[in-house]
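Have a look at the structure below, then the notes.
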Amino acid sequence: MKAKFLYSICVVALLSVTNSLAQINLGDKISGAVGNGLNSLMFSDADAAKLASEGIKKLDSAHVVAGPKDGYTLRLNRVFAKHSTENGLKLNYKVYITKEINAFACADGSVRVFSGLMDIMDDNQLLAVIGHEIGHVANHDSRDAMKAAYRNAALADAVGSVSTKVASMTDGQIGQIAQAMLQSKYSRKQETEADTFSYDFMKKNGYDVNAVESAFTILSSLSEGQSSDILSQMMSSHPDSKARAEAAKKRAESDGLYKPYKQKAFSNKATSTKVTTPKKATPKKKK
């Protein structure tokens, strides 16, 4: 398959910078020293969500978002809507129409899936990838990523609470937040923990856990093919997909659940249901 590959994670599992970054207006350059004294006790999940909410608006505006009747949206509704409150989180989701392969979840609960990813993965594989991204939010990795973005936007030294600063952010500062979100990197430990969350998510909800290994195998195969040059940034910040696939396989074997996964049929086309109006019965004439 010659689809361009870019499996990136915006706030919670960034795998690389997308081409759409060039479309983001970063506004005026921000001057001032970056705060170094901010710690997790001073920066809460709620603070991270406020900043992510502004950043995701910027990212949404830089992409073509599938409409409510689009086949991609309808499929994601069917596959993912039931999990919109997963792990106590309040998740919202949209599809970006692009050939790039990407999925990310943000600190405010925003889940974004690129149509390119939906073109190569079935429902179980798609859920395995999304489950990984949700794992970063649930594990508070996204809070740390947003804290870094907060510092990069030179807001940490400003006077006032995070809420006050968010309300008064300039367009340039919001752009820097969005850019920092796209450039965030997670440790291998965080990635491994998100992989574990994905496996547990699949198992808990009765899905085929072997789709986790299969999804990583697809990513690994694409990274070794014609799209390897596009994946250079992603591969530098994330563990080898092949190794992660092997880890998922070993977990399934340990649970006695392993069997080679065969990709299921799927479609991203909107199917119209033809509504037929029943004919009214013609009363019989009395003789």
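Computed from the coordinates by the stated procedures, all read-outs in this text should not be read as laboratory data. These numbers were taken from a predicted model, which means no experiment stands behind them. Here Cβ is always computed from backbone atoms with ideal geometry, including for glycine, and neighbour counts include all displayed protein chains.
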>> Restricting to Cα pairs below 8 Å that are 6+ residues apart, what does the relative contact order work out to for region 31-142? Please round to a whole percent.
In response: 24
>> Applying a 10 Å radius around every beta-carbon, put 256-267, 76-87 in order of their mean neighbour count, most first.
In response: 76-87, 256-267
> Which of the aspartates and glutamates could a cross-linker bridge to Lys58, judged by Cα under 18 Å and excluding same-chain residues fewer than eight apart?
Replying inline: Asp28, Asp47, Asp108, Asp171
> Which entries in Lys94/Lys204; Lys82/Lys203; Lys57/Lys185; Lys189/Lys259 show an alpha-carbon gap greater than 18 Å?
Replying inline: Lys94/Lys204; Lys57/Lys185; Lys189/Lys259
